[in-house]
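The values are calculated or read from the model by the stated rules, or taken from the named source; none is laboratory data. Note that the structure is a prediction, hence the values are computed from the model and not measured. Note: ideal-geometry Cβ built from the backbone for every residue, glycine included; neighbour counts use all protein chains shown. Side chains are part of the model used for accessible areas, which takes the heavy atoms of the whole protein and leaves out ligands, DNA and RNA. Shrake-Rupley method; radii C 1.70, N 1.55, O 1.52, S 1.80 Å.
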Amino acid sequence: MFIGPEADRLAIRELIDRYSDAVMRRDADAYIATWASDGRWCFRGGEMVGHDQILPFWRKAMDGFAEVMFMANPGSIRIDGDRAEVVTYTFEHLEMQDGSRRFQAGRYDDVLVRSDAGWQFQQRTFSARELKS
């Protein structure tokens, strides 16, 4: 379901696209700009809170990849005022530094907030599914 003003749904879609673009370009500034300053990233049993924890974890993860192809699409967007709940589906083709490859699909259960900077991720909870090549 896609519920809420069209302009906000478009802005949220653009946030997801900016996140994907930042990952593929490895642009740390663009990446962290998609997160609220007190954002929470729940990932593979761990939890990072705030830019000071999220960004170093992301940088370390990105250092493990020679190449990254990251695509994301919203499955649902539900907006309630300055808060939104979004389901985002991902597909990743990852080439590790040792040359091995991994294909991964996943789902983010997202909570977004609108701030002076626009829509940002307040919380992202990721569930991965490894795919056979």
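Which members of the stretch 37-59 meet the condition of being over 23 Å from Arg25 (Cβ atoms) and in a strand (DSSP E or B)? Across the stretch 37-59, the qualifying residues are Asp38, Arg40, Cys42, Gly46, Glu47, Val49. Assuming Thr34 fulfils every condition listed in (1) closer than 17 Å to Gly118 by Cα; (2) loosely packed, with under 13 Cβ neighbours inside 10 Å apart from one, which condition is it? Condition (2) is where Thr34 drops out. All conditions in (1) touching a Phe, Trp or Tyr at 6+ places or on another chain (Cβ under 7 Å); (2) touching a residue at least 12 places away in the same chain (Cβ under 8 Å); (3) among the aliphatic types (A, V, I, L, M) hold for Ala33, with the sole exception of (1).
Going by the structure shown, is Gly75 open to solvent by less than 90 Å² (accessible area, probe 1.4 Å) and at pLDDT below 95? Before you say what the answer is, go through the steps one by one.
Numbers: open to solvent by less than 90 Å² (accessible area, probe 1.4 Å): yes; at pLDDT below 95: no.
The answer is no for Gly75.
Would the stretch 89-103 turn up any residue that is under 21 Å from Ser37 (Cβ atoms) and under 13 Å from the mean Cα position of the chain (by Cα)?
Within the stretch 89-103 (the criterion being under 21 Å from Ser37 (Cβ atoms) and under 13 Å from the mean Cα position of the chain (by Cα)), the answer is no, since none of the residues qualifies.
Each residue in the stretch 39-56 was checked for being in contact with a strand residue (DSSP E or B) (Cβ under 8 Å, 6 or more places away or on another chain) and either in contact (Cβ under 8 Å) with a residue 24 or more places away in the chain or open to solvent by less than 30 Å² (accessible area, probe 1.4 Å) (or both), and 9 pass.
So that you can scan it fast, the table gives a plain yes or no per residue for (1) open to solvent by 60 Å² or more (accessible area, probe 1.4 Å); (2) hydrophobic (A, V, I, L, M, F, W, C):
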residue	(1), (2)
Val86	no, yes
Tyr89	yes, no
Leu94	no, yes
Arg101	yes, no
Gln104	no, no
Gly118	no, no
Phe126	no, yes
Arg129	yes, no
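Output the residue which, of all residues in the stretch 2-16 that are surrounded by fewer than 15 Cβ atoms within 10 Å (Cβ to Cβ) and touching a strand residue (DSSP E or B) at 6+ places or on another chain (Cβ under 9 Å), is farthest from Pro74 (Cα to Cα). Walk me through it before giving the result.
To start, the set of residues in the stretch 2-16 that are surrounded by fewer than 15 Cβ atoms within 10 Å (Cβ to Cβ) comprises 2-3, 5-7, 10, 14.
Then keep just the ones that are touching a strand residue (DSSP E or B) at 6+ places or on another chain (Cβ under 9 Å); that gives 2-3, 5, 14.
On the way: Phe2: 9, Ile3: 12, Pro5: 16, Glu14: 10 Å.
The selected residue is Pro5.
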